[in-house]
Every structure is written in C-alpha cells, then in structure tokens.
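Following: one structure in structure tokens, then a few remarks.
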Amino acid sequence: MADEHGLALGVLFVDDGSSDGSWDVVRQLAEQDSRVRGIRFRRNFGKAAALAAGFAAVRGEIVVTLDADLQDDPAEIPRLIARLDEGLDVVSGWKRKRHDPLHKVWPSRAFNWMVGRITGLKLHDHNCGLKAYRAAVTQEMPLYGEMHRFITVLAHARGFRVGEVVVNHRARKHGVSKYGARRFVRGFLDLLTVHFLTTYGQCPMHIWGGMALVLGVLGMAGAAAGLALCLSGHVKAGGALLAASLLGVLVAGHVFAVGLVAELQVARGARGQCYYSVAETAGTVDCEGETEA
C-alpha cells in the first residue's frame, strides 16, 4: 500500500501488556523490517497511555492510529490522508455501517450526539480508533486517564481543524469487546471533565466565582427576608429562613475560595508552559515571541 500511494511508511506497535504472544510477533517483524518498531508496557495501562507512548515515539509528518482488533480496514488510510491534504489537521473515521451488536451501537450513537451537543464539535464517531493526524497535533495532545475518547474535542479546542470520512468497518473475529454500561458512565463523566477543561480550564474562577455569586446573592436575599419575617412576628419561619440563608452565604464563600485556589494553580502552572497552539511563524521568532525582520 505504501509503494502504491508513494508513502514512506513506518509502523509502530504498542503492546499494552498483552499475554497472547503478540510481543513475540512484533519483535520478529522488527528484526525482519527496519520500518517496524515496537513498545511493550509492563502491564495494561489503558488506551490513552498506549497512544501517548506512540505519539511520543513516532517520527513522521503524518500519524495514523489503528486498533489491533482488525475491525478497522487499513485500506482506508490513503483516504484519511487525502482529507488531511485538503487542509484538515485531524481526520476521524466514521463507521457509518457498524458490524457490532446493538447494545454497543445505540449507546455509542447517543454518546456521540451528546459529545456534539456539549462541546460543539459534531462528528458521527468521535471514538473511532482509525484516525489520521498531522504530527503537530500528536505533539500537543495531553492524554491521560481515558481521554483518548476525546482527542478530536481536545484538538478542536486548541484550534486544529477536525473532520471525518466514512470508513469500512469489519466484524470482530478476534478478542472480546470490553464495552459495557460502566464504560458509558465513565465516558459521560470524562465528557464533563473535558468540557470543563476546554471551557474553564484557564479561567476556573468564571464558573466557581459565578456559582459563588449566585449563592451569595440568594443567601443575602433570603437572610433579608428571614430578618423581615422575624421583625414582623413570624419568628419560627423567619429564623429557619435566616439560618438556611446564612448557610448559603457560608457555602458561597467556600465555593469562591475553591475558585481562587484553582486560579492560583493555573497561574502557577502557566509559568514556562504554553496553553496555546502556534500554526506557523514568519521571520526569526525567539521564545519571548519577539520577531526580527
């Protein structure tokens, strides 16, 4: 395929702690072909860790990821690369006709719809393992936990151009799917995390401070109403409202403190780190951002 399309191809296998003899095969392939390399984990660390290790080790200008279950068709790779040539930075496969059981297909569709609604990036299949990236994307992706599901969202949040292409999907012949209700719940919680990081990650006070402001205003209004009730003779009702309102004001103070601590952490972490993505430069640009003609 590489020769047919004029591609200089290198293959990097990441063995995520398998126990089925996969590493022996990878090692043999690497001995037979210098274009083949492999990384073996001591145990299973998850897909995000496998992708992070792979992204750190790749050398090419274009990176294509492919799951080892053989459901994604490698023959689709040139079509993904062609979409990159059209100006995209990330191209995700879209398994429009999926050969998976319904208990996996329908939750996946619901999840993709939810990701689009919450993040604003509307793709049919965010979690397809078959993706093509420009190297700049893989160098900037902070992957941990199970954030591999949201690479498209994270890339989009950093200003990269993201698209998709319909790809051929094949029925599973080897291995067992690990999909289940627990994975759907974890994915939803991770989606909330990603939404927070991409929306308020650099300005956490906007959400925590906003919550504190609402609680504080409601608490003070309730306290005033409770005091008025007490003065008008409704001591029992007024006292209860006054106590609840003062508790609300106290909670607002704690929420504000959380936001302040979060802002301090962001400010400290920003020193020496880039929370932006540079597409290109012109002239001679130093680390301070100054340009000489």
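At each listed q (0.07, 0.11, 0.12, 0.15 Å⁻¹), what is the log10 of I(q)/I(0) that the Debye formula gives for the chain modelled as equal alpha-carbon point scatterers? For the chain, the Cα-only Debye profile gives -0.40, -0.81, -0.91, -1.25. Annotation for I118 and L70: the two label points, set 7 Å from Cα along the Cα-Cβ direction, are 3.5 nm apart. The value of relative contact order for segment 205-270, using C-alpha pairs under 8 Å at least six residues apart, is 44 percent. Other residues within the sphere of radius under 13 Å centred on the Cβ of R27, judged by their own Cβ, net out at -2 (K and R +1, D and E -1). Helix screen, the chain: DSSP H segments with Cα axial length of 30 Å or more and mean Kyte-Doolittle hydropathy at least 0.0 are 205-231, 235-270.
Counting neighbouring beta carbons within 10 Å and listing from fewest to most, the residues H99, H156 come out as H99, H156. When only the Cβ of Lys, Arg, Asp and Glu is charged (+1, +1, -1, -1), the dipole of segment 11-200 relative to its Cα centre reaches about 600 debye. Around the amide H of V36, modelled in the peptide plane, lie the amide H atoms of V11, all under 5 Å away and 5 or more residues distant in sequence or on another chain. In a DSSP loop and with at most 13 other Cβ atoms within 10 Å, the GluC sites (Glu not before Pro) in segment 7-91 are E61, E86. Taking the Cα centroid of segment 89-142 and of segment 1-73, what is the distance between the two, rounded to the nearest whole Å? Between the Cα centre of segment 89-142 and that of segment 1-73, the gap is 21 Å.
Taking amide H atoms as placed 1.01 Å from N in the peptide plane, the amide H of W94 lies under 5 Å from those of V165, V166, V167, each 5 or more residues away in sequence or on another chain. On the basis of the beta-carbon distance and an R0 of 41 Å, L260 and V25 show a calculated FRET efficiency of 0.15. Restricting the chymotrypsin sites (Phe, Trp or Tyr not before Pro) of segment 91-191 to loop positions (DSSP other than H, G, I, E, B) with no more than 10 neighbouring Cβ atoms within 10 Å leaves Y144.
Between R96 and A267, the contour length at 0.36 nm per residue exceeds the alpha carbon distance by 57.2 nm.
Counting charges near R172 (Lys, Arg +1; Asp, Glu -1) among other residues having Cβ under 9 Å from its Cβ returns a value of 0.
Quick note: the coordinates plus some simple rules give every number you see, no bench work behind them. All of these numbers come straight from a predicted model, not from anything done at the bench. Quick reminder, even Gly has a Cβ in these numbers, built from the backbone with ideal geometry, and neighbours come from all protein chains shown.
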